[in-house]
Amino acid sequence: MKYIELGLTEAVDLVRKSQVKAEELVASFISHVEVVDREIGAYLTTVFDRALSQAREVDGKKHKGRLAGAVVAIKDNIVTRGIRTTCGSRILENFIPPYEATVVERLKAEDAIIIGKTNLDEFAMGSSTENSAFFPTRNPWDLDRVPGGSSGGSAAAVAALEAMAALGSDTGGSVRQPAAFCGIVGLKPTYGRVSRYGLIAFASSLDQIGPMARSVKDCALITSVIAGFDPRDSTSAELPVPDYLSELESPGRPAKIAFLGESSLQGLNPEVAENYRQVQQIVSGLCSEITFLDFPSWEMALPCYYIIAPSEASSNLARYDGVRYGFRAPAAELAEMYLKTRTAGFGSEVKRRILLGTFALSSGYYEAYYARAARARQAITAELKAALEKVDFILTPATPEPAFKLGEIQDPIAMYLQDYFTVAASLAGIPGISIPCGLTREGLPLGLQVLARPFSESELFKFAFLLENNLKFKNNMYGIKARGRRKNEN
Amino acid sequence: MLDMKVDLEHLSRLANLELTEQEKELLPGQMEKIIDWVGQLSSLQTPGEEKYSPVDFSLRLEDDLVQVSLPQSEVLSLAPEKAGDFIKVPRVLPEK
């Protein structure tokens, strides 16, 4: 077996037992990335030399960390000290952060090795990674298709074996949707579970960093490392962090679960609906109780999200003015400089959302839009939490359709609808995981989303692990390999 | 209902943005559609005035302590233009 095909947990085990050198692992990833990333475009920046010297350091250590030798990619909206962090935007094209995000600090403290920074929709605004100011990323399963977004680079890198795992960020589905499109596992933790310090802010009441990997196990291990209170993020929760990995194996009681009722599946892509029904068959044997629920307030979740998130973005992105860091457009006067810098520095989707947020917050419209959305958010949250008092998990499709083609969706609202199944959990702050659950007839991966109570990641991982073992979505069908095989069949 | 063209000009002024010619063509229609679409919310009956808070645990206040911050030279090195220990910007008041 090639090193790049090793799961993160296995690889770390081998490195910690000194059976494999971290340096050899890193070297094999480097040569693979050099070949395939020309096609995929997952990375905006690679740091091969740093990764190799970090690996040699790890190899020399007597006591190796919990992630020793794990080759990890980081979404480029998470700041890395001394490594260019662009956020997929011209306005930060040459920004080299003077500080490290807490999650990166924690990964490195456990001897994980950062191999590069991954592509994303500019400021994490999008569902296809086509909004990157630099280039689009392609789906390893079909290069004509998008990897999803906004963490599309992270998802594609993991699927194409260009990293063992990656960090993404999820504001309305940006970890879960690309994970589904690329056939990998992605977790959006409970709001407050993982520190946001060093995550470039998009919508602060929704943003959350999450792991993306090729198995539930690998996601569980990474979450154990990155989660926990951080005095530099006052919204991070002061709750103990369980050892999610070892808890996976411990026996649990059979779960009570809910599926969406038929009326919630109206208009869904037929293959996604068919797959969802097949999953119900498989899962029903694993649970103590199954119910079907409809969430009337979900109809309001997307409009609510597209008021709240742009409103927060319009405020968060006011800081990019060309004064202290980032791109500055030449101008004779200060006001003109602000205007020209922001005009040249932001792409169209970012401008659209800033304007939308400015509208929703402006006097005369605030009550009708922002205040109403804030109340709708409360109603959506109450409905979800009430359901989760009766059942342990809610299972939904992760996306309304499989990966679409590059350039296929031009209408902004049609793109926003990609978040249909994911936004409710974002608005409510509850955790959600996307796991691969099948393939379409064309061979594109589909994802299943599992939602759970706040701060119940332990139970969520355990249940996802059980599903993963029963859904039998084969790891060896991932990405490049699957493509190679299909080519050979033709 | 809303004259989006006029509104967009006002909004872009508030947001410190200028629109490209292409954006001036496309954005009014798109924004109108998006605002219409999010306007669906007005049909939702939401009980009471309760607003959402993203965390339901009590936020911890930090003690007001002096701590080491980033070195000045490193932060200054990020500035697009500087003069000595200062960040330099173009003139603030217009020339008379």
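Taken together, the values in this text are just the output of simple stated rules run on the coordinates, not laboratory data. Keep in mind that this is a model prediction, so the values were computed, not measured. Here the Cβ positions follow ideal geometry from the backbone for every residue, glycine too, while neighbour counts run over all protein chains shown.
Gain on full extension, evaluated as 0.36 nm per residue between A:Ala368 and A:Ser31 minus their Cα-Cα distance, stands at 115.8 nm. Spatially, region A:298-337 and region A:210-238 are offset by 28 Å when compared through their Cα centroids. Shape of region A:418-473 from the C-alpha gyration tensor: oblate (a/c of 1.5 or more and a/b not above b/c, with a ≥ b ≥ c the square roots of its eigenvalues). Using R0 = 35 Å, the C-beta based FRET efficiency linking A:Arg319 and A:Asp13 works out to 0.25. Note on region A:265-338: with charges restricted to the Cβ of Lys and Arg (+1) and Asp and Glu (-1), its dipole about the Cα centre is near 280 debye.
For region A:369-446, the set of trypsin sites (Lys or Arg not before Pro) satisfying both a DSSP loop assignment and a count of at most 14 other C-beta atoms within 10 Å is given as A:Arg441. Rounded, prolate or oblate: which fits region A:76-176 when a ≥ b ≥ c are the square roots of the eigenvalues of the alpha-carbon gyration tensor, with rounded for a/c under 1.5 and prolate only if a/b beats b/c? Because a/c hits 1.5 or more and a/b fails to exceed b/c, region A:76-176 counts as oblate. Pick out, from A:Gly285, A:Ser195, A:Pro436, the residue whose Cα sits farthest towards the positive end of the charge dipole of chain A, with +1 on the Cβ of Lys and Arg and -1 on the Cβ of Asp and Glu. Final value for the positive-end residue is A:Ser195. Here chain A is treated with +1 on each Lys and Arg Cβ and -1 on each Asp and Glu Cβ, and its dipole about the Cα centre works out to around 620 debye. For chain A, the direction-averaged projected area of the alpha-carbon convex hull comes to 22.5 nm². Place a point 7 Å from the Cα of B:Gln67 along the Cα-to-Cβ direction; which residues of region A:192-220 have their backbone N under 13 Å from it? Inside the label zone: A:197-198.
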